[in-house]
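Only one structure is covered here, and it is reproduced in the block below.
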Amino acid sequence: MKNSLGSLSSFTLLGLVFAVVFMTGYYLSQSSYAATVLLDDNFNSENGGAEALNYAFVGNWAVSDGTVDLIGNGGTFDFLPGNGLYVDLDGSTNNAGKMTSKTFDLESCNYELQFDLAGNQRNGAIESVDVSVGSLFSESFSLNENDPFTTITRPISVVSPTSAQIIFAGFGVDNIGLLLDDVKFTKLDCSKPVAGELLSLDTSALFVSGISSSAIWMVPTLAGIAGAGVYYIRTRVNNKEN
């Protein structure tokens, strides 16, 4: 009786090798769906690290419908020391500003928006801001005067590809508004089902397409499995005969 690797045919061995290669390739392809940071802005690099009233951003943001102030980092208006630069959403023109990010082209995936908000640190007023990401997300936030920076995290699901901008729209006409810092927008693991879409038509099509594109690898894989099955059956038969 032969009950060793030597009894395996060359075709079976080749199939098993391809099976290992296929599974390794599949694992590596799944690992490519790592989280991707699309925006990470703590404002510390703005204006050379110095405060600026009625500040006009360059790059990530544009301000409209009013103004915002870039403050902090040891400057005259550093109400929460140790946080570098941050934004007062009600600038110095008696008209709170609206900060709009650059446009993001979003594929079907899960995303996460994170940012820090703090109270105005100057008077007893409750300040508010409307936060939105295109038509995908919208929420209002209100904080008391002495509330410290608090990290807020919200999940965002994109079922079909779209484009969107992140908007922070402040309120107020007294030049004293909520403080904003550390805005981060991240694309999460796209291999996981998008909320509200559990193997939908689009996902099913993607699944079938993936299988089709991997057909060249599936043939030797199935051959290897079949060969291993044959080897197992022959071993059982030989054991019974002996």
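Overview of results
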| item | result |
| --- | --- |
| Ser142 vs. criteria in a strand (DSSP E or B), of a type outside the set (D, E, K, R) and surrounded by fewer than 22 Cβ atoms within 10 Å (Cβ to Cβ) | yes |
| Search result, residues across segment 35-58 that are of a type in the set (S, T, N, Q), under 20 Å from Gln165 (Cα atoms) and assigned to a loop (DSSP other than H, G, I, E, B) | Asn42 |
| Residues (under 22 Å from the mean Cα position of the chain (by Cα) and of a type in the set (A, V, I, L, M)) located in segment 170-193 | Leu180, Val183, Leu188 |
| Qualifying residue in segment 116-128 (condition: free of Cβ contacts under 8 Å to residues at least 12 places away in the same chain and part of a strand (DSSP E or B)) | no |
| Test: residue in segment 80-100 that is among the hydroxyl-bearing types (Ser, Thr, Tyr), at pLDDT 95 or above and open to solvent by 60 Å² or more (accessible area, probe 1.4 Å) | yes |
| Which listed residue is of a type in the set (A, V, I, L, M) and at pLDDT below 95, from Val194, Val173 | Val194 |
| Lone unmet requirement of (1) surrounded by 20 or more Cβ atoms within 10 Å (Cβ to Cβ); (2) hydrophobic (A, V, I, L, M, F, W, C); (3) in contact with a Gly (Cβ under 7 Å, 6 or more places away or on another chain) for Ile71 | (3) |
| Residue among Ala56, Ala50, Ala34, Ala62 that is surrounded by fewer than 16 Cβ atoms within 10 Å (Cβ to Cβ) and either free of Cβ contacts under 8 Å to residues at least 12 places away in the same chain or among the charged types (D, E, K, R) (or both) | Ala56 |
| Qualifying residue in segment 147-170 (condition: more than 20 Å from Asn47 (Cβ to Cβ), surrounded by fewer than 16 Cβ atoms within 10 Å (Cβ to Cβ) and small (Gly, Ala, Ser)) | yes |
| Where Ile152 falls short, out of the listed (1) among the hydrophobic types (A, V, I, L, M, F, W, C); (2) without any contact (Cβ under 8 Å) to a residue 40 or more places away in the chain; (3) over 17 Å from Leu39 (Cα atoms) | (3) |
| Selection status of Asp116, among the acidic types (Asp, Glu) and open to solvent by 60 Å² or more (accessible area, probe 1.4 Å) | no |
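The values are calculated or read from the model by the stated rules, or taken from the named source; none is laboratory data. Since we're looking at a predicted model, the values are computed, not measured. Note: ideal-geometry Cβ built from the backbone for every residue, glycine included; neighbour counts use all protein chains shown. Surface accessibility is based on the protein's heavy atoms, side chains included, excluding ligands, DNA and RNA. Shrake-Rupley method; radii C 1.70, N 1.55, O 1.52, S 1.80 Å.
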